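To keep things clear, I will list the structure first and then write my remarks on it.
The values are calculated or read from the model by the stated rules, or taken from the named source; none is laboratory data. Remember, it's a predicted structure, so these values are computed and weren't measured experimentally. Glycine gets a Cβ as well: all are built from the backbone with ideal geometry, and neighbour counts include every protein chain shown. Protein only, heavy atoms only, side chains kept; ligands, DNA and RNA dropped before computing areas. Shrake-Rupley method; radii C 1.70, N 1.55, O 1.52, S 1.80 Å.
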Amino acid sequence: MNLRPRILVNVAMSADGKIDSAARKGAAISSAADKARVDRLRASVDAILVSGRTLLNEDPKLTVKSAELRAERVRKGWPENPAKVGVVSDIGAVLLGAPRGQGQGMSDHQNLPLQNFLSSGPAKVYLFTTRCTEPEVLARFEATGAKVHAMGEERVDLMAVFRSLHEADIRSVLVEGGGTLIAELLRLGLVDELTIYIAPIIFGGSSSPTLADGSGFLAEQAPSLKLKSVGKFDDEGGILVHYTVNDKE
Ligand SMILES: NC(=O)c1ccc[n+]([C@@H]2O[C@H](COP(=O)([O-])OP(=O)(O)OC[C@H]3O[C@@H](n4cnc5c(N)ncnc54)[C@H](OP(=O)(O)O)[C@@H]3O)[C@@H](O)[C@H]2O)c1
């Protein structure tokens, strides 16, 4: 049986559908109220997943910021923070792009890049990669305590990622981008819910990332959404939209 966790995708988007500006440096889009909402969403799930470029370029912490929400998780018998999951075809790419001095020194794993992702917590860390990642790079990341899985030759098998997370008792995953990964998840029918915070700003630019990049969908294959709620969200003019995806009910 193909068991997998429930998969929720959350993005912050400009009014013209871009999830970052053309600079691709993680432009600020969310309001303070939206950041608090995302924190509550994080606190409600078993794991948070990000993909290659978002992980390697931004090194996100992916922890629950509110001490109250973390304490509430602990009271429920849950880990203080959700597990963190990264999907990267070649983890070695991060060593090549690392600032001078970082990533060198084979024995010193504290000197590795991605310290926010690897060390902020406490949280379990999973890295799913391919056999493009050199065995010694796998070993260095494993030495940080991360659970590192090399599956597939060039692309990570996302179905296998979610099967493996389910086997690790992870029942809900919040996906926090980017656009290439979200498109792939939609194509594979792996998204259950989608929440979008739409900020009153326009980034424009044909090369700015969107919610679903990749090669796009033909009309007859386009994932269909069912609107659950929509409304003005904050005093900054933000809108929050909540959909279920491919909902047959
Ligand atoms: N506003 C928001 O809510 C939000 C949230 C997150 C990110 N972002 C923005 O999104 C942009 C990044 O998005 P992006 O589309 O460029 O990249 P992305 O989706 O973050 O990462 C794409 C990369 O992930 C790896 N990947 C994805 N699926 C894979 C698979 N099945 N197997 C193996 N590797 C896989 C690949 O790495 P390789 O190329 O190495 O194969 C791929 O190029 C950034 O500008 C970021 O700021 C915005």
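Say we look at the range 43-54 and pick out the residues that are more than 10 Å from the ligand (Cβ to nearest atom) and open to solvent by 30 Å² or more (accessible area, probe 1.4 Å); which of these is nearest to Thr195 (Cα to Cα)? Please lay out each step first, then the result.
If we filter the range 43-54 for residues that are more than 10 Å from the ligand (Cβ to nearest atom), which is where we start, we get 43-49.
So of that shortlist, the ones also open to solvent by 30 Å² or more (accessible area, probe 1.4 Å) come out as 44, 46.
On the way: Ser44: 14, Asp46: 17 Å.
Selected residue: Ser44.
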In the set Asn81, Asn57, Asn10, the lone residue that is open to solvent by less than 20 Å² (accessible area, probe 1.4 Å) and outside any loop (DSSP other than H, G, I, E, B) is Asn10
Could you tell me how many of the residues in the range 17-42 are part of a loop (DSSP other than H, G, I, E, B) and either crowded, with 22+ Cβ neighbours inside 10 Å or away from the ligand (no atom under 13 Å from the Cβ) (or both)?
2
Looking at (1) without any contact (Cβ under 8 Å) to a residue 24 or more places away in the chain; (2) in contact with a helix residue (DSSP H, G or I) (Cβ under 7 Å, 6 or more places away or on another chain); (3) open to solvent by 60 Å² or more (accessible area, probe 1.4 Å), which one does Ser224 not meet, given that it meets all the others?
(2)
Can you confirm whether Met159 is within 10 Å of the ligand (Cβ to nearest atom) and in contact with a helix residue (DSSP H, G or I) (Cβ under 6 Å, 6 or more places away or on another chain)?
no
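Conditions tested, residue by residue: (1) of a type in the set (Phe, Trp, Tyr); (2) within 23 Å of Ala15 (Cβ to Cβ).
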site: Met159; (1), (2): no, no
site: Ser164; (1), (2): no, no
site: Gly178; (1), (2): no, yes
site: Glu193; (1), (2): no, yes
site: Tyr197; (1), (2): yes, yes
Identity of the residue in the range 179-195, open to solvent by 30 Å² or more (accessible area, probe 1.4 Å) and within 8 Å of the ligand (Cβ to nearest atom), that ends up nearest to Thr244 (Cα to Cα):
Glu184
Please give the number of the condition Arg140 fails out of (1) within 19 Å of Ala47 (Cα to Cα); (2) among the charged types (D, E, K, R); (3) more than 14 Å from the ligand (Cβ to nearest atom); (4) buried (at least 19 other Cβ atoms within 10 Å of the Cβ).
(1)
Going residue by residue through the range 64-85, is there one that turns out to be polar (S, T, N, Q) and within 9 Å of the ligand (Cβ to nearest atom)?
no
Mind listing whichever residues of the range 227-245 are loosely packed, with under 11 Cβ neighbours inside 10 Å and touching a strand residue (DSSP E or B) at 6+ places or on another chain (Cβ under 9 Å)?
Leu227, Ser229, Gly231, Lys232
Say whether the condition of being surrounded by 19 or more Cβ atoms within 10 Å (Cβ to Cβ), within 16 Å of the ligand (Cβ to nearest atom) and modelled with pLDDT of 95 or more is met by at least one residue in the range 108-125.
yes
